[in-house]
Each structure stands twice: as C-alpha cells, then as structure tokens.
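**Student:** Pasting a structure below so you can have a look.
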Amino acid sequence: MNRILLLILSALTFSANAHDPEQGQVWGTFGPYLYQTQRMHEQFDSPVLGSFSLLAEGDLTSHGGLELTLTYMNQIFAVEREDKKVIEKVKRMYIAMGWRHWFSRSFSMSPSFFSSYVMGDAVLVRNDFGNPVDPPHTSARDPVDYGFAVSAQYEAYSNGKFAVVLDGRYSYSVTPKPKEDMNTYGIFVGVKFFIQGKPPEEPDDEDAE
C-alpha cells in the first residue's frame, strides 16, 4: 500500500487551476479505490483489494460544502477467540455523508459519518476452529454497520471543469465485535467533473503553463 501511494504521488505532482468552492456548484468524482482492512488486534492476511467509488460534492460556502460518498466494497472481517482466528469476507455498500473543507485550492479534508449495508452472504476465508465446529461470527453477517471516516484530498490537476484527485481515507467502525478487525484505510484516485451551478472560470494560457 505504501509503494502504491508513493507511485501515485510521484505521478501527480502539478496543479493548473485547482478547486475554488463557490456556493451552488455541484461536482461529481468517480474512480477506483484501493483499500485494506487494518490489523489492530491480531496478525492475519489482509490483502489490498480494489473497488469503485462515487462522490457528489455541493459547495455551500467559499470554503466547502456537503459531500456524499458511495463505495462498493468486498470487505474483510477478522475476529480472534482463544488464540484462534475467523476471517470472513462480504460485499457491502458504503454510504458516507460529511462536510468537505478546503484549506487551499488544492487540499481539503472531510470528516463524515457512514453506514454500510450487506449485499449477499458472507464468505468464510479462514476458520481455525475447524469443521464441523460453528466458528464465532464476524460483523460480515450484520446487515448494517456504522462508523466515522476521514478523508484527506489533494487535487493534483484541473482545467476548470475536470480534475484528477488523490484521496486518502480511513474508516473507523463503532459497531465491532470484541477483538474484531474491520476498520479500513485506502487510496481513491478519481476524475472530478462539474455538474451544475455557476460555471468555473477557465484558466488562461499563462495560468495553465
């Protein structure tokens, strides 16, 4: 994950005409999301997984506005009981609502509250208890999960109506089971596009150089 972050940062090193929040503007962002379940309580195989994410941002002031995030994930859950591990994976739809504040025309952060909804049956990845013992269940089997998330976003390039953004995210669940690992962190690389509102100013030739 660290190598992927360094590679993306080295590739996106310039900004032509970054985001300038203005009341009434609405923006959308779509792109791939690479994520991983954080290992906090025990060590286990936590692969880097890929999905897609869609963001909608509505500027309410000159410093930011509301943001809605939709992410489709195939999330890993892991619990430990008596030095034995159970790992499950399940598809979930992650929905977050928060406020994105722009500290400059290129950098912003967004705290948010999220809920995620199960989409299908949980898949058992590892069971140290063995069969036919019924292992402890993880939160992969819960229909809904709640928590808080934070996003730090850098707008690497913009021509006024389209942009490329790099977004680091961390999600912290408030509904885990005892000694369960289910928090996630990842990197979102998206194409940002203008939807409605006062059209952003096009950069002149001198600004774009």
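**Student:** Restricting attention to the range 178-196, which residues are under 20 Å from S116 (Cβ atoms) and either surrounded by 15 or more Cβ atoms within 10 Å (Cβ to Cβ) or of a type in the set (A, V, I, L, M) (or both)?
**Tutor:** Matches in the range 178-196: E180, D181, M182, N183, T184, Y185, G186, I187, F188, G190.
**Student:** Give the residues of the range 90-122 that are among the hydrophobic types (A, V, I, L, M, F, W, C), under 23 Å from L49 (Cβ atoms) and buried (at least 17 other Cβ atoms within 10 Å of the Cβ), sorted by residue number.
**Tutor:** V90, A96, F114, V118, A122
**Student:** I need a count of the residues in the range 36-62 that are exposed (fewer than 13 other Cβ atoms within 10 Å of the Cβ) and modelled with pLDDT under 90.
**Tutor:** First pass over the range 36-62, keeping only residues exposed (fewer than 13 other Cβ atoms within 10 Å of the Cβ): 40, 43, 45, 47-48, 50, 61-62.
Those still in the list that are modelled with pLDDT under 90 too: 40, 43, 45, 61-62.
The total comes to 5.
**Student:** Are any residues in the range 18-35 outside any strand (DSSP E or B) and either surrounded by fewer than 16 Cβ atoms within 10 Å (Cβ to Cβ) or of a type in the set (D, E) (or both), and if so, which ones?
**Tutor:** D20, E22, Q23, G24
**Student:** When the residues of the range 128-156 are filtered to those that are more than 15 Å from S108 (Cβ to Cβ) and among the aromatic types (F, W, Y), which remaining residue is surrounded by the fewest Cβ atoms within 10 Å (Cβ to Cβ)?
**Tutor:** Step by step, filter the range 128-156, then rank; the result is Y146.
**Student:** So, one more: Which condition from (1) surrounded by fewer than 20 Cβ atoms within 10 Å (Cβ to Cβ); (2) under 22 Å from D45 (Cβ atoms) is the one that I87 breaks?
**Tutor:** Condition not satisfied by I87: (1).
**Student:** While we're looking at this one, here's another question. Looking at the range 72-84, is at least one residue small (G, A, S), part of a strand (DSSP E or B) and over 18 Å from P176 (Cβ atoms)?
**Tutor:** no
**Student:** Now for a separate question. Cβ-Cβ distance below 7 Å, separation of 6 or more or different chains: which pairs start in the range 36-51 with a residue that is in contact (Cβ under 8 Å) with a residue 40 or more places away in the chain and closer than 18 Å to G190 by Cβ and end on one that is assigned to a loop (DSSP other than H, G, I, E, B) and not aromatic (F, W, Y)?
**Tutor:** Sorted first by the residue in the range 36-51, then by its partner, the pairs are V48/M1.
**Student:** On to the next question. Given the conditions (1) under 24 Å from V191 (Cβ atoms); (2) of a type outside the set (D, E); (3) surrounded by 15 or more Cβ atoms within 10 Å (Cβ to Cβ), which single one is not true for V125?
**Tutor:** Going through (1) under 24 Å from V191 (Cβ atoms); (2) of a type outside the set (D, E); (3) surrounded by 15 or more Cβ atoms within 10 Å (Cβ to Cβ) one by one, V125 breaks only (1).
**Student:** If we only count strands (runs of 3 or more DSSP E) wholly inside the range 102-209, which ones have 3 or more residues that are modelled with pLDDT of 95 or more?
**Tutor:** 107-118, 144-158, 162-173, 184-196
**Student:** Here's a check for you: in the range 74-108, which residue that is within 24 Å of Y146 (Cβ to Cβ) and among the charged types (D, E, K, R) is farthest from the chain's Cα centre (by Cα)?
**Tutor:** Restricting to residues being within 24 Å of Y146 (Cβ to Cβ) and among the charged types (D, E, K, R), the top hit is R81.
The values are calculated or read from the model by the stated rules, or taken from the named source; none is laboratory data. What you are looking at is a predicted structure, and each value in this text was computed from that prediction instead of being measured. Cβ: placed from backbone, ideal geometry, glycine included. Neighbour counts: every protein chain shown.
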